[in-house]
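The values are calculated or read from the model by the stated rules, or taken from the named source; none is laboratory data. Model, not experiment: these values are computed from the prediction. A quick note on method: Cβ atoms are made from the backbone with ideal geometry, for glycine too, and the neighbour counts reach across all protein chains shown. The protein model used for the area step is the full one, side chains on, heavy atoms only, and it has no ligands, DNA or RNA in it. Shrake-Rupley method; radii C 1.70, N 1.55, O 1.52, S 1.80 Å.
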Amino acid sequence: MDIRAALKEGMAQLRAAQIPAHTLAAELLLMHALGRDRAWIYSHPEESLDPATAEKFLALIARRVAGEPVQYLTGKQEFWGLEFEVTPAVLIPRPETEHVMEVALARLGERGIKIHMDTGAPREKLRVADVGTGSGCLAVALACELPHAEVFATDISAPALEIARRNAARHGVADRIHFLQCDLLTGVTNADSPIVGARHAVPASTRDASQFDLIVSNPPYIARNEAAQLQREVRDHEPHTALFGGTTGVEIYQRLIDQARGLLRDRGILVLELGYDSAEHVRAIFDAQPAWTNIAITMDLAGIPRVLAAERAR
Ligand SMILES: C[S@@+](CC[C@H](N)C(=O)[O-])C[C@H]1O[C@@H](n2cnc3c(N)ncnc32)[C@H](O)[C@@H]1O
């Protein structure tokens, strides 16, 4: 079988199984099986595939037909222009989560605390937290964007933290990210609680100086009873701890907002990704607390209220 025939066969099988974006999926899986890029594939259509590679490619196609997401098959996903390792232990980073980055960086920029406006040089150390870090996409991308930031990345899942650590190392920011296995921000708030699984133990002096400039989170926000409506790729393959936020899907926000309120410094910024129908509920939590000011909601490209940002009032 040559490259052209393999691609054609892969696309045909995926199309017959009604897999969305079947052309792209077949290309990505062939690139992965061959260890080549798209340009090479299209410039060598008559190159023959050795039997082992052909078998590997067709096995990947079969797994995609059975519902496994392409990203778990290739082991990678791009986020914020960076390549992240992904495994079934972590949520696949989504494009809409890049809005969290945009809003966080815009808020820091407005305040002139991202860089010195006059010289462009980094300012004094920023303290940032990413709650429910998963693959580490937000923590790592923020650490790359903010060379003067010290980042605390929490997750309840030890296997997810392993992947996040690897992604931090891959992008050269592991020395500025503390990974904590804990419930939301509790490992950060309570200096006396043991930090389970924290490979790079965080010194107590660092942990209890709990004044954060920025806290971001894309929490699990899907309601349990919405599981049946999810795509099978999501429901059957992505980690349920990353998807489901409780009975209604919004319970986690109240706890997260309460904890963040106690950890942000005056005018510290909280940026939260929202579920497709949670904006009203989450906004009401902020409106009920005088501790918050400058509250704004940003739409995603589909026009869904996707990101809420607020500042801790002075
Ligand atoms: C929606 S995923 C987001 C992952 C990543 N930040 C992203 O945007 O792709 C939510 C993450 O929160 C973690 N998580 C769920 N409940 C948690 C809790 N109570 N405390 C800390 N992390 C939690 C999950 O393990 C998962 O990695």
Being open to solvent by 70 Å² or more (accessible area, probe 1.4 Å) and at pLDDT 95 or above is the filter here, so list the residues in the range 1-19 that pass it. ARG4, LYS8, GLU9, ARG15, ALA16, GLN18
Give, as residue ranges, the helices (runs of 4 or more DSSP H) completely inside the range 22-116 that count at least 1 residues that are free of Cβ contacts under 8 Å to residues at least 24 places away in the same chain and away from the ligand (no atom under 16 Å from the Cβ). 22-34, 38-43, 51-65, 98-110
